[in-house]
Amino acid sequence: MNPINGRELWPENENPTLLPPDVEKRVGRPKKARRREPEEPADPKKLGRKGIKMTCKECGMVGHNKRTCKKQKTTIASGGGESSGVGPNEANPAHSIVSAIVSTNTR
């Protein structure tokens, strides 16, 4: 195969140019925004997320989020969670009072 100089020297093609398939109506509620044409420019009033730095809600550092925060993982690993060692009946004192009243009234 040898290179050819310029488009003028390319052999003619009998096949028609290919077009994308037609858009079919989908089942369900229609989308709110209309479907834009491929050559239509993007909305200049809309801002993108490009250039936004991610900040962590736990420690306030830039570059990671709460899910991947190292500070949060070390707190959980050291046992600093919300566990106070209270059993299920002792956690809610009103529940134990109600059960005591019910047991005294069933004589």
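Any read-out appearing in this document is the output of simple, stated calculations on the displayed coordinates, not a laboratory observation. Everything numeric here is computed off the predicted structure, so don't read it as measured data. A quick note on method: Cβ atoms are made from the backbone with ideal geometry, for glycine too, and the neighbour counts reach across all protein chains shown.
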Where a ≥ b ≥ c are root eigenvalues of the Cα gyration tensor, a/c under 1.5 meaning rounded, otherwise prolate if a/b exceeds b/c and oblate otherwise, segment 1-73 counts as prolate
With DSSP loop assignment and no more than 14 other C-beta atoms within 10 Å, the GluC sites (Glu not before Pro) in segment 1-42 are 12, 14, 24, 39
